[in-house]
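The values are calculated or read from the model by the stated rules, or taken from the named source; none is laboratory data. All figures in this text were calculated on a predicted structure; none of them were measured in a lab. Methodologically, a virtual Cβ is constructed for each residue, glycine included, from the backbone with ideal geometry; neighbour enumeration extends over all protein chains shown.
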Amino acid sequence: MFGPGSKIVDNDSHRVSIDVEERRKLPNSAPILIEENVWVGMNSLILKGVTIGKNSIVAAHSVVTKHVPENVLVAGNPAKIIKNLTNEINSEK
């Protein structure tokens, strides 16, 4: 699930250089993998080369710059692990 305004960007958009020819080259890019049952909150940004593990949640307005393991909640800029997620129905028994 993706909240409104979420963005997935697999490249740097442009190169940073004072050399005009260097700036005209294609930007660096890397694939993004979003596994099963992931929830990305509104206005979040997922950057190139990132994998978001299954069952994880990205909080609203987060910037994901590094891999996110399975079963965690991440938040912030840059996104950091806030909480390990468990099957709370089973843990209440």
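Per-structure values
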{"quantity": "Residue in the range 49-59 that is touching a Phe, Trp or Tyr at 6+ places or on another chain (Cβ under 8 Å), part of a strand (DSSP E or B) and among the β-branched types (Val, Ile, Thr) present", "calculated": "yes"}
{"quantity": "SER44 vs. criteria among the hydroxyl-bearing types (Ser, Thr, Tyr) and more than 10 Å from the chain's Cα centre (by Cα)", "calculated": "no"}
{"quantity": "Complete set of residues in the range 9-19 that are modelled with pLDDT under 90 and either touching a Pro at 6+ places or on another chain (Cβ under 9 Å) or not in a loop (DSSP other than H, G, I, E, B) (or both)", "calculated": "ASP12, SER13, HIS14, ARG15"}
{"quantity": "Residue in the range 8-16 that is touching a helix residue (DSSP H, G or I) at 6+ places or on another chain (Cβ under 9 Å) and surrounded by 13 or more Cβ atoms within 10 Å (Cβ to Cβ) present", "calculated": "yes"}
{"quantity": "Residue in the range 67-75 that is under 27 Å from ASP12 (Cβ atoms) and either out of contact with any Ser or Thr (no Cβ under 8 Å at 6 or more places or on another chain) or at pLDDT below 95 (or both) present", "calculated": "no"}
{"quantity": "Sole exception among (1) on the phi > 0 side of the Ramachandran plot; (2) surrounded by 16 or more Cβ atoms within 10 Å (Cβ to Cβ) for ASN43, by number", "calculated": "(2)"}
{"quantity": "Residue list for the range 60-84, restricted to those being surrounded by fewer than 18 Cβ atoms within 10 Å (Cβ to Cβ), without any contact (Cβ under 8 Å) to a residue 40 or more places away in the chain and either among the β-branched types (Val, Ile, Thr) or assigned to a loop (DSSP other than H, G, I, E, B) (or both)", "calculated": "HIS61, VAL63, THR65, LYS66, HIS67, PRO69, GLU70, ASN71, ASN77, PRO78, ILE81, ILE82"}
{"quantity": "Test for LYS48: is it surrounded by fewer than 16 Cβ atoms within 10 Å (Cβ to Cβ) and charged (D, E, K, R)", "calculated": "no"}
{"quantity": "Residues of the range 20-40 that turn out to be at pLDDT 95 or above and on the phi < 0 side of the Ramachandran plot, as a count", "calculated": "10"}
